[in-house]
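A short write-up of the structure that comes next.
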Amino acid sequence: MTTAKPQLTEHGETRILALTEAATDLFLEKGMDGVSVDELIQKVGGSRRNIYNRFGDKQGLFVEVITKLCDCQAAPLREMEIAGGDLVSALQSFGERLLQIVLQPRTLALHRLMIAEGQRFPELSRAISASGHEAGVAVLVRWLLTREEDFRPNLSVTSLAELFVTLLVSKAQRDALTGMSEPLDSEEIAAIARQAVSVFLHGALMKDA
């Protein structure tokens, strides 16, 4: 049976909001083990008792703030609509927007956290994956279902969506995660998307090969 969380005053709710915002930043920067409850109290005030009454313990706070962040980060993807009369322009626009979201500092920090904490918190790892890669694939699948006649019938739309997102994201995300590249500007993002669209739609071979 789930224990109801205690009701808080308006001041208490404001303090909890400040606590969760501070905790989000610190957990993304340092991971769960790198953040202490005392550090959070020093930053935003309050007491251990308030934190434990609200979240159970530091792990409960960690799970709650990261789950909420995943939901927040996924919102732009869930709300994305792919438009455009031709395949190239529609995929180009989608590709640029997806890269912009994936390469945001907080999205990258969530990905690092998934790698660092995924074994201990598999449910959070799944939530982080669902908020990024899987959400992008789901958006593309919905659009591809409206354009099935344009693609080979022996290929599932899910496989096609997974392929395009992988072509689009994998290198840019890896370089950003490992510090191998500076943040990309809009022209660089557009160039990556164009290459992914070209290979996805036309393949890598010359026509007469």
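The values are calculated or read from the model by the stated rules, or taken from the named source; none is laboratory data. A quick note: this is a predicted structure, and the numbers were derived from the prediction, not measured. Cβ coordinates were reconstructed from backbone atoms using ideal geometry, including for glycine residues, and neighbour counts include every protein chain displayed. The protein model used for the area step is the full one, side chains on, heavy atoms only, and it has no ligands, DNA or RNA in it. Shrake-Rupley method; radii C 1.70, N 1.55, O 1.52, S 1.80 Å.
Below are the figures for this structure:
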quantity: Per residue solvent-accessible surface (Å²) - segment 1-130, probe of 1.4 Å; calculated: 57 Å²
quantity: Two-site FRET efficiency, ARG174 against SER47, from Cβ-Cβ distance with R₀ of 30 Å, rounded to 0.05; calculated: 0.10
quantity: Residues listed by number, segment 181-206, amide nitrogen under 12 Å from ARG147 label point at 7 Å toward C-beta; calculated: 197-198, 200-202
quantity: Among 68-78, 147-157, the order from most to least packed when residues are scored by Cβ within 10 Å on average; calculated: 68-78, 147-157
quantity: Charge dipole (the chain, unit charges on Cβ, about Cα centre) - positive-most of THR14, LEU144, LEU108; calculated: THR14
quantity: Residue-averaged 222 nm ellipticity for the chain, from DSSP H runs of 4+ at -39500 (n - 2.57), nearest 500; calculated: -23000 deg cm²/dmol
quantity: Solvent-accessible surface ranking, highest first, for LEU205, LEU17 at 1.4 angstrom; calculated: LEU205, LEU17
quantity: Förster radius 41 Å - calculated FRET efficiency between LEU205 and ASP25, Cβ distance, rounded to 0.05; calculated: 0.30
quantity: Segment GLN119-LEU87, extension gain: residue separation times 0.36 nm, minus the distance between their alpha carbons; calculated: 7.6 nm
quantity: Spin-label model distance (nm) - ARG112 vs ALA18, 7 Å beyond Cα toward Cβ; calculated: 2.7 nm
quantity: Segment SER129-GLU188, length gained on full extension (0.36 nm per residue, minus Cα span); calculated: 18.8 nm
quantity: Portion, in percent, of the accessible area of the chain that falls on carbon or sulfur, probe 1.4 Å; calculated: 54 percent
quantity: Peptide ranges 36-46, 105-115, 125-135 listed from the most packed, as the mean C-beta count within 10 angstrom indicates; calculated: 125-135, 105-115, 36-46
quantity: Cα shape, segment 26-87, gyration tensor, a/c 1.5 rule; calculated: prolate
quantity: Binned Cα-Cα distances of segment 67-209, short to long, each 10 Å bin given as a whole percent; calculated: 11, 40, 34, 13, 2, 0
